[in-house]
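Below is one structure, written out as structure tokens; the observations come after it.
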Number of protein chains: 2
Amino acid sequence: MESIKYLLAEDRIPRAWYNITPDLPVPPAPVLHPGTHQPVGPDDLAPLFPMSVILQEVSNEPRIEIPEEVRQVYAQWRPTPLFRARRLEKMLDTPARIYYKYEGVSPAGSHKPNTAVAQAYYNKKEGTRRLVTETGAGQWGSSLAMACAFFGIECKVFMVRVSYDQKPYRRALMEAFGATVAPSPSRETDSGRAILAEHPHSTGSLGIAISEAVEVAAKDPHSKYALGSVLNHVLLHQTVIGLEALEQMEMAGDDPDVIVGCTGGGSNFAGLAFPFVGRKIKGKSKARVVAVEPAACPSLTKGRFTYDFGDTAHLTPLVKMYTLGSIFVPPGIHAGGLRYHGMSPLVSHLLDLGLIEAIAVQQLDAFAAGVQFARAEGIIPAPEANHAVAGAIREALRAKQEGASRVILFNLCGHGHFDMQAYIDYHAGKLQNYDYPADEVAMALAGLPAVEV
Amino acid sequence: MESIKYLLAEDRIPRAWYNITPDLPVPPAPVLHPGTHQPVGPDDLAPLFPMSVILQEVSNEPRIEIPEEVRQVYAQWRPTPLFRARRLEKMLDTPARIYYKYEGVSPAGSHKPNTAVAQAYYNKKEGTRRLVTETGAGQWGSSLAMACAFFGIECKVFMVRVSYDQKPYRRALMEAFGATVAPSPSRETDSGRAILAEHPHSTGSLGIAISEAVEVAAKDPHSKYALGSVLNHVLLHQTVIGLEALEQMEMAGDDPDVIVGCTGGGSNFAGLAFPFVGRKIKGKSKARVVAVEPAACPSLTKGRFTYDFGDTAHLTPLVKMYTLGSIFVPPGIHAGGLRYHGMSPLVSHLLDLGLIEAIAVQQLDAFAAGVQFARAEGIIPAPEANHAVAGAIREALRAKQEGASRVILFNLCGHGHFDMQAYIDYHAGKLQNYDYPADEVAMALAGLPAVEV
């Protein structure tokens with residue numbers, strides 16, 4: 001048989017997460033208090049996060065041990081498989097060898113449980129009774145709902161309105177896990193009511209939903225907040241993906257020339273890429289690392305690298321990142337997980353340092369790639385993952401054009417089982433591309449806080 | 001770490017399917033021609049199936065080799081994992097050890113690709129250009145659509161009306177794979193038009209959809225028919241499940257005392273159970289083997305063991321099976337894959353011989369079990385699989401009551417990602433139990449052909 005699957009034994013689940021921070025040639029900019037513009041300390045974050053998570057957020061340790069209780073839960077689906085996409089290679093008639101790491105084998109169907117389980121574990125240990133969060137497409141919300149069910153914590157999810165309406169099955173999954181789900185903007189919070197007063201038919205955004213979740217968590221001493229992307233500790237937890245992939249690529253006897261992932265907040269991309277970028281910094285790899293973002297919400301390719309809020313109502317600290325402006329509400333594309341105005345500070349920093357590159361893909365191109373992939377490989381990707389598929393196919397076709405053998409590795413971060421309405425709309429010709437909303441972004445950027453560091 | 005997952009290496013994908021027929025203490029009754037009531041020969045079936053499949057249908061070989069091309073496709077997701085449901089055990093506070101074989105890891109999300117891939121392969125080899133089939137819940141239709149995409153065959157699916165309306169995402173998946181899907185009963189066939197003339201609002205049934213698919217396939221020399229359950233060759237292809245599970249239970253150091261599967265046409269149940277029943281026949285096991293069927297369509301517990309047609313329009317040969325009468329249209333429960341009037345002749349035969357037992361479960365009990373399982377194990381089962389979960393939980397609670405340590409193995413034949421409307425309805429209190437429709441069944445049974453053998 002031709003090898004198409006590279007599996008690691010259970011004892012190869014990484015014992016530590018990889019922290020890229022100490023390996024960076026230039027340290028990332030500090031997180032600032034929104035009032036004083038001074039760097040925040042752990043205590044400033046204590047109302048929102050358990051202390052073990054806060055310490056990970058600011059850690060300079062290169063390896064952070066994964067608790068056995070977390071590895072035990074991981075063991076249900078980790079190590080995840082690495083696949084060689086041989087049927088896709090044949091379909092594209094490319095000399096490239098295409099590999100994908102498949103995170104859709106987790107029970108919630110994406111990479112999100114990698115951090116959801118860790119966050120639920122630390123919160124449980126520190127006595128949190130309820131976790132409050134936001135969700136875009138629902139991948140994160142359902143992962144946190146599942147993790148909370150495992151550890152016996154209540155879970156409250158603010159789901160971006162457009163996804164709440166587009167993806168009722170996602171909501172049903174969260175509710176089956178016992179979570180409470182509200183559409184965002186909601187009337188349950190000051191932030192939500194303020195948005196609704198101005199825009200009664202707001203489709204919501206991750207930025208708005210974050211405001212609502214942060215507000216609820218900050219007001220209740222028994223609740224904490226959990227974020228599914230953007231922050232350092234979230235990206236840290238996702239590095240199990242890349243650590244496993246490093247070993248699996250070795251099993252396959254190939255070293256990737258190009259590494260591709262889709263970016264919304266940056267966590268699945270970072271999860272796969274950071275261990276490889278670490279090798280690149282150490283001169284052990286020359287791989288190109290490509291972030292693929294939606295053309296409708298192009299923070300890396302069209303945003304400004306500056307200090308901004310993580311949320312729309314400006315309740316969070318200020319972080320330095322590529323941003324389209326925190327009051328920018330992206331068009332209602334189906335890749336709800338990519339509808340975020342900003343980008344993880346660490347991913348932003350890597351782009352600024354030239355260690356990674358970024359491209360933007362239109363919605364219709366992403367879905368065309370996803371359908372092609374599904375017919376070749378049988379797996380229907382999440383709309384977010386379609387962007388990574390499109391990026392990988394583009395690289396494979398370039399290799400064909402150049403007649404170059406090339407090894408491409410991408411992160412298939414989740415399946416699209418709960419997103420089939422998007423495919424129904426795509427096949428019915430109801431999906432559209434979105435021009436880069438330059439005017440709206442310019443307006444949103446004009447309102448950014450002036451920070452002098 | 002506590003072991004919760006038992007994985008086999010790729011080279012442990014079985015090299016041969018297990019044929020239970022030669023091991024049976026009494027041979028099963030022959031399949032009869034509907035006109036002559038004489039046993040059918042291979043040529044009678046040639047308009048519908050490729051010859052290699054027909055020969056498997058009637059084979060007496062104990063082992064039937066799996067073509068390397070089929071194993072190559074299997075290798076994407078097989079061997080499937082065997083899990084120990086430790087969190088469920090704790091939730092139930094049972095001394096029983098509960099294991100489940102999880103077939104939902106296939107790209108189409110169920111056990112159905114095990115036979116879909118084999119059937120598509122043999123058809124491609126024998127020159128079939130199009131496969132025509134029916135689907136209930138859509139698990140089978142999407143699996144065949146996927147297999148046809150892999151082998152470059154067209155695919156036409158008649159989808160039972162109630163599922164077509166309840167499960168638009170399943171349809172979208174089939175269409176993403178390139179298949180054409182029609183609701184059944186349709187106006188495309190004589191059988192469909194006849195049903196619609198009498199019942200314009202018919203919700204359809206597997207029996208009706210089979211009639212439509214058989215009719216279309218029989219009329220077109222380039223098309224063949226593919227069935228997703230019931231027949232011997234389908235059950236044969238599914239035995240990879242049990243063959244792997246035998247090895248995995250050995251890895252786990254446990255021998256099952258009870259084996260549980262849900263039954264509609266019988267294929268996932270047989271796939272897991274037959275290799276264990278084979279051991280039982282040979283005196284190597286005393287395991288109880290329990291088929292769990294829906295109370296709304298209780299062929300094994302309330303049907304008659306007699307000759308009947310496989311479809312409603314009476315286009316198929318006559319098979320001896322437990323049946324509720326081929327014109328019986330089961331209530332529109334959400335476990336669409338279990339809405340079949342009959343039962344696989346081999347499974348029926350085993351029940352008649354006392355080698356297996358059967359119980360019926362109400363819809364609400366099945367969903368309650370499924371939600372409990374999801375909160376413990378993170379996997380949301382298909383409505384069909386909920387019946388197996390309910391059966392396994394019943395056994396685990398009985399073990400607790402008896403204070404008996406007991407090893408339970410069940411088949412989690414698929415996930416419910418495309419069936420979330422059922423969970424939405426369940427949580428909204430919209431699902432109901434169905435009394436056994438005794439009058440309708442009596443009427444359907446009264447119309448059975450009188451066969452003297």
What share of all Cα pairs of the stretch A:50-172, in percent, falls into each consecutive 10 Å distance bin?
12, 33, 31, 17, 6, 0
Convex hull volume of the stretch A:289-360 per residue (C-alpha atoms, cubic angstrom)
78
Could you work out the longest stretch of chain A that avoids the trypsin sites (Lys or Arg not before Pro) located in DSSP loops with at most 15 other Cβ atoms within 10 Å?
A:287-429
Based on the alpha-carbon gyration tensor of the stretch A:185-263 and its eigenvalue square roots a ≥ b ≥ c, which shape applies: rounded if a/c is under 1.5, prolate if not and a/b is larger than b/c, or oblate?
oblate
Could you tell me what percent of the accessible area of chain B is made up of carbon and sulfur, with a 1.4 Å probe and every protein chain present?
50
Which Cys in the protein assembly as shown stand alone, with every other cysteine's Cβ at 4.7 Å or more from theirs?
A:Cys262, A:Cys297, A:Cys413, B:Cys262, B:Cys297, B:Cys413
B:Asp11 label points, 7 Å along Cα→Cβ, one per copy: pairwise distances from this copy to the rest in nm, shortest first?
2.0
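Nearest-5 percent of antiparallel DSSP beta bridges in chain A?
For chain A, the DSSP antiparallel bridge percentage is about 35.
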Size of the stretch B:1-93 along its principal axes in angstrom, Cα-based, largest extent first?
62, 35, 24
Among beta bridges that DSSP assigns inside the stretch B:203-330, antiparallel share in %, nearest 5:
55
Taking the full set of protein chains and a 1.4 angstrom probe, give the accessible area of B:His222 in square angstrom, rounded to the nearest 10.
80
Could you tell me the extents of the stretch A:68-122's C-alpha atoms along the three principal axes, largest first, rounded to whole Å?
47, 15, 15
Taking the stretch A:204-276 and dividing mean pair separation by its residue count, relative contact order in percent (alpha carbons under 8 Å, at least six apart):
33
Hydrodynamic radius by Kirkwood for the stretch B:105-145, inverse mean 1/r across distinct Cα pairs, in Å, is 10.5
Taking the C-alpha atoms of the stretch A:181-224, how large are the radius of gyration and the largest Cα-Cα span, Dmax, in Å?
10.3, 32
Per DSSP H run of n ≥ 4, the term is -39500 (n - 2.57); total these for chain B, divide by its residue number, and report the mean residue ellipticity at 222 nm rounded to 500 deg cm²/dmol.
-12000 deg cm²/dmol
Interatomic Cα distance distribution for the stretch B:305-453, bins of 10 angstrom, percent:
10, 32, 33, 20, 5, 0
Pop out a list of residues from the stretch B:123-153 that are at least 40 Å² less accessible with all the protein chains around than in their chain alone; 1.4 Å probe, no ligands or nucleic acids counted.
B:Phe150
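Per residue of B:425-433, how many C-beta atoms from partner chains lie within 10 Å of its own C-beta, taken as a mean? All intermediate terms of the calculation are to be shown ahead of the outcome.
Numbers: counts 1, 2, 3, 1, 0, 0, 0, 0, 0.
Average per residue, whole number: 1.
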Once the Cβ-Cβ distance between B:Asp220 and B:Ala194 is put in as r, and R0 is 22 Å, what FRET efficiency do you end up with, to the nearest 0.05?
0.65
What whole number of Å gives the distance from the Cα centroid of the stretch B:248-327 to the Cα centroid of the stretch A:302-357?
55
With a 1.4 Å probe on protein heavy atoms only, tell me which residues of the stretch B:176-215 lose at least 30 Å² of accessible surface in the complex relative to the chain by itself.
B:Ala176, B:Phe177
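Direction-averaged shadow area of the convex hull around the Cα atoms of the stretch A:380-452, nm²?
9.1
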What share of Cα pairs, in percent, lie more than 24 angstrom apart in the stretch A:214-367?
36
For the stretch A:236-332, what is the accessible area per residue in Å² when the probe is 1.4 Å?
26
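Counting only C-alpha contacts under 8 Å and six or more residues apart, can you give the relative contact order of chain A as a whole percent?
19
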Check: the protein assembly as shown dipole with +1 on Lys, Arg Cβ and -1 on Asp, Glu Cβ, in debye:
800
With a 1.4 Å probe, how much accessible area is buried between chains A and B, both sides summed, in Å² to the nearest hundred?
4100
Which whole-number percent is the relative contact order of the stretch A:305-453 (Cα, under 8 Å, 6+ apart)?
25
Over the stretch B:107-230, what portion of Cα pair distances is larger than 24 Å, expressed as a whole percent?
19
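Based on DSSP loop calls and a cut-off of at most 10 other Cβ atoms within 10 Å, the longest stretch of chain A free of exposed GluC sites (Glu not before Pro) is what?
Excluding the exposed sites themselves, the longest stretch runs over A:3-451.
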The Cα radius of gyration of the protein assembly as shown, divided by 2.2 N^0.38 Å with N its residue count, comes to 0.94
Given q = 0.14, 0.17, 0.20 Å⁻¹, what are the Debye log10 I(q)/I(0) values for the stretch B:371-419, with equal point scatterers placed on the Cα positions and solvent ignored?
-0.36, -0.51, -0.67
Comparing each residue of the stretch A:71-85 in the complete protein assembly with the chain by itself (heavy atoms, probe 1.4 Å, ligands and nucleic acids ignored), those losing at least 40 Å² of accessible area are A:Gln72, A:Gln76
For a test of the definition: using alpha carbon positions, the gyration tensor, and the 1.5 limit on a/c, classify chain B as rounded, prolate or oblate.
rounded
Label 7 Å beyond Cα on the Cβ vector: A:Ala194 copy-to-copy distances, nm
6.9
With all pairs of different alpha carbon atoms counted, what Kirkwood hydrodynamic radius in Å does the stretch B:156-197 show?
10.6
Given charges at beta-carbon only (K, R positive; D, E negative), |dipole| of the stretch B:109-199 in Debye:
180
Equivalent ellipsoid semi-axes, the stretch B:1-41, via Cα gyration tensor eigenvalues times 5, rooted, Å
42, 13, 11
Probe 1.4 Å - accessible area at A:His199, Å² to nearest ten
100
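The values are calculated or read from the model by the stated rules, or taken from the named source; none is laboratory data. Keep in mind that what you see is a predicted model, and the values were worked out from it rather than measured. Using ideal geometry, Cβ is built from the backbone for each residue, glycine included, and neighbour counts are taken over all protein chains shown. For accessibility, only protein heavy atoms count, side chains too; no ligands or nucleic acids. Shrake-Rupley method; radii C 1.70, N 1.55, O 1.52, S 1.80 Å.
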